[in-house]
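Chemist: After the structure tokens below, expect a handful of questions from me.
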Amino acid sequence: MYIPKIYRIEDQELMKEIISENGFALLISDKEKLCATHSMFLLNETEEGFYLETHISRGNFQAKVLKDGDEVLCDFLGAHSYISSSWYDHKNVSTWNYEAVQIRGKIRLMTDDELYEHLRKLTFKYEKAQKCPMLVENMGDEYVRKEMKGAFGINVFPTEIHIASKLSQNRDEVNAERIISNLMESDDADSKKIAEKMKNSREL
């Protein structure tokens, strides 16, 4: 991912936020042919740092070719919004503000027990807010282990981390305020989130 220096950051907390809030991301590989699969990711922190967890269908081509030590790219898109040039006080081009994370890493295939725990954590994350949560613990061990035979679990250990936060840093205060004002008028949740992030970064 190309990131101009002005938008490139090393904020690990922002990275965690983007991954946590946008876990349905792309798993990209080029073994035998270029492939990309949307899959659910979790970030797992350790004393040494962190690694990513995900799973895909065993029927997926990537599941048939990926082996321990292969390289993949994980692509996470955070909040993003169109920025119209009509909002500026001068002639310029329209653009897009966004936050994103790309992590390149080496994979290690999950054991059955690791896959079971991954599915338990993933289910809990998204079921806990439901009125009647259906947790792995409620499904029964036999049922879960039968169903997970169709899943291919992958751990991704980072070798490169790229974090982009493009929030109109190249605009002066007057035009930044104009952008924020227009974004806040939108009904789009991402537009409002980008506006808030712009305000926080500039303390406007």
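The values are calculated or read from the model by the stated rules, or taken from the named source; none is laboratory data. Here the structure is a predicted model, which means the values were calculated and not measured. All Cβ positions, glycine included, derive from the backbone under ideal geometry; neighbour counts span all protein chains shown.
Chemist: Scan region 1-31 residue by residue and report those that are of a type in the set (A, V, I, L, M, F, W, C) and touching a residue at least 60 places away in the same chain (Cβ under 8 Å).
Modeler: The answer is Met1, Ile3, Ile6, Ile9, Leu14, Met15, Ile18, Ile19, Leu27.
Chemist: Given the conditions (1) within 17 Å of Phe41 (Cα to Cα); (2) surrounded by fewer than 20 Cβ atoms within 10 Å (Cβ to Cβ); (3) not basic (Lys, Arg), and given that Trp87 satisfies all but one, which numbered condition is not satisfied?
Modeler: If we test Trp87 against (1) within 17 Å of Phe41 (Cα to Cα); (2) surrounded by fewer than 20 Cβ atoms within 10 Å (Cβ to Cβ); (3) not basic (Lys, Arg), just (1) comes out false.
Chemist: Let me ask you something else. Residue check, Asn97 against (1) in contact (Cβ under 8 Å) with a residue 24 or more places away in the chain; (2) among the polar types (S, T, N, Q); (3) part of a loop (DSSP other than H, G, I, E, B), all met but one. Which one?
Modeler: (3)
Chemist: Still on this structure, please answer the following. State yes or no: is Lys106 within 26 Å of Ile180 (Cβ to Cβ), surrounded by fewer than 19 Cβ atoms within 10 Å (Cβ to Cβ) and either polar (S, T, N, Q) or touching a Ser or Thr at 6+ places or on another chain (Cβ under 9 Å) (or both)?
Modeler: No: the conditions fail for Lys106.
Chemist: To continue, here is another question. Here are the criteria: (1) touching a residue at least 12 places away in the same chain (Cβ under 8 Å); (2) on the phi > 0 side of the Ramachandran plot; (3) not hydrophobic (A, V, I, L, M, F, W, C). Tell me which single one Thr123 does not satisfy.
Modeler: Among (1) touching a residue at least 12 places away in the same chain (Cβ under 8 Å); (2) on the phi > 0 side of the Ramachandran plot; (3) not hydrophobic (A, V, I, L, M, F, W, C), the lone unmet condition for Thr123 is (2).
Quick grid of which residues meet (1) over 15 Å from Phe41 (Cα atoms); (2) outside any loop (DSSP other than H, G, I, E, B); (3) among the β-branched types (Val, Ile, Thr); (4) in contact (Cβ under 8 Å) with a residue 40 or more places away in the chain:
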{"position": "Val101", "(1), (2), (3), (4)": "no, yes, yes, yes"}
{"position": "Arg108", "(1), (2), (3), (4)": "no, yes, no, yes"}
{"position": "Leu115", "(1), (2), (3), (4)": "no, yes, no, yes"}
{"position": "Pro133", "(1), (2), (3), (4)": "yes, no, no, no"}
{"position": "Glu137", "(1), (2), (3), (4)": "yes, yes, no, no"}
{"position": "Tyr143", "(1), (2), (3), (4)": "yes, yes, no, no"}
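Chemist: Here is a follow-up. Answer with yes or no whether Asp68 is in a loop (DSSP other than H, G, I, E, B) and either at pLDDT 95 or above or aliphatic (A, V, I, L, M) (or both).
Modeler: Considered against the rule, which asks whether it is in a loop (DSSP other than H, G, I, E, B) and either at pLDDT 95 or above or aliphatic (A, V, I, L, M) (or both), Asp68 comes out as yes.
Chemist: Turning to a different aspect of this structure: Looking only at residues that are outside any loop (DSSP other than H, G, I, E, B) and aliphatic (A, V, I, L, M) in region 1-22, which one is surrounded by the fewest Cβ atoms within 10 Å (Cβ to Cβ)?
Modeler: Per the stated criteria, the residue is Ile6.
Chemist: Also, I was wondering about something else. Among the numbered criteria (1) over 30 Å from Glu185 (Cβ atoms); (2) touching a Cys at 6+ places or on another chain (Cβ under 8 Å); (3) among the aliphatic types (A, V, I, L, M), which single criterion is violated by Ala36?
Modeler: Of the numbered conditions (1) over 30 Å from Glu185 (Cβ atoms); (2) touching a Cys at 6+ places or on another chain (Cβ under 8 Å); (3) among the aliphatic types (A, V, I, L, M), the odd one out for Ala36 is (2).
Chemist: I'd like to know if region 117-128 contains one or more residues that are part of a strand (DSSP E or B) and either β-branched (Val, Ile, Thr) or within 16 Å of the chain's Cα centre (by Cα) (or both).
Modeler: Taking every residue of region 117-128 in turn, none turns out to be part of a strand (DSSP E or B) and either β-branched (Val, Ile, Thr) or within 16 Å of the chain's Cα centre (by Cα) (or both).
Chemist: While we're looking at this one, here's another question. Residues to consider are Thr159, Thr111; find the one that is within 20 Å of the chain's Cα centre (by Cα), modelled with pLDDT of 95 or more, surrounded by fewer than 16 Cβ atoms within 10 Å (Cβ to Cβ) and of a type in the set (Val, Ile, Thr).
Modeler: Selected residue: Thr159, the only one of Thr159, Thr111 that is within 20 Å of the chain's Cα centre (by Cα), modelled with pLDDT of 95 or more, surrounded by fewer than 16 Cβ atoms within 10 Å (Cβ to Cβ) and of a type in the set (Val, Ile, Thr).
Chemist: Could you list, in sequence order, all residues of region 182-204 that are under 13 Å from Leu167 (Cβ atoms), of a type outside the set (D, E, K, R) and not in a helix (DSSP H, G or I)?
Modeler: Leu204 - this is the single residue of region 182-204 that is under 13 Å from Leu167 (Cβ atoms), of a type outside the set (D, E, K, R) and not in a helix (DSSP H, G or I).
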